[in-house]
1. Can you tell me the order of 49-60, 69-80 when each peptide is scored by its average per-residue count of other Cβ atoms within 10 angstrom, highest first?
2. Viscosity 1.002 mPa s, temperature 20 °C: give me the Stokes-Einstein translational D for region 29-81 in µm²/s, with Rh taken as the Kirkwood radius over C-alpha pairs.
3. Given the Cα-Cα distance of residue 56 and residue 38 and 0.36 nm per residue of separation, how much length would full extension add, in nm?
4. Cβ under 11 Å from residue 29's Cβ, residue 29 left aside: what net charge do those residues give with Lys, Arg +1 and Asp, Glu -1?
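What follows draws every value from the coordinates through simple rules; no lab data is involved. Here the structure is a predicted model, which is why all the values come from computation and not from measurement. FYI the Cβ positions are ideal-geometry reconstructions off the backbone, even for glycines, and counts take in every protein chain you see.
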Amino acid sequence: MIVINMSEDKLHKNSLDTGNSRNRGYFMIDRNGIVISDNIKYPMLTDLSKESYINKILKYKSSGYFVGIVLSSGVKFVAQT
């Protein structure tokens, strides 16, 4: 799951509150596709801009959210802009 424009404190609080290991998939990126939160899979400052699903998010100009699929793994994601 990808979340954008949400405070990191709130993100971590939500993942701790649920106690669900699936929440480890949360991370935040900046407008250039650089990870700006710490995550087990993607440490802070990892450049994800070359990933096709990240490019879809970066090109999305409307406010709101959408659901997509990471092509390499088939995993669904939700992006909030």
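1. Averaged packing, sorted descending, gives the order 49-60, 69-80.
2. Diffusion coefficient, whole number: 185 µm²/s.
3. 4.3 nm
4. -2
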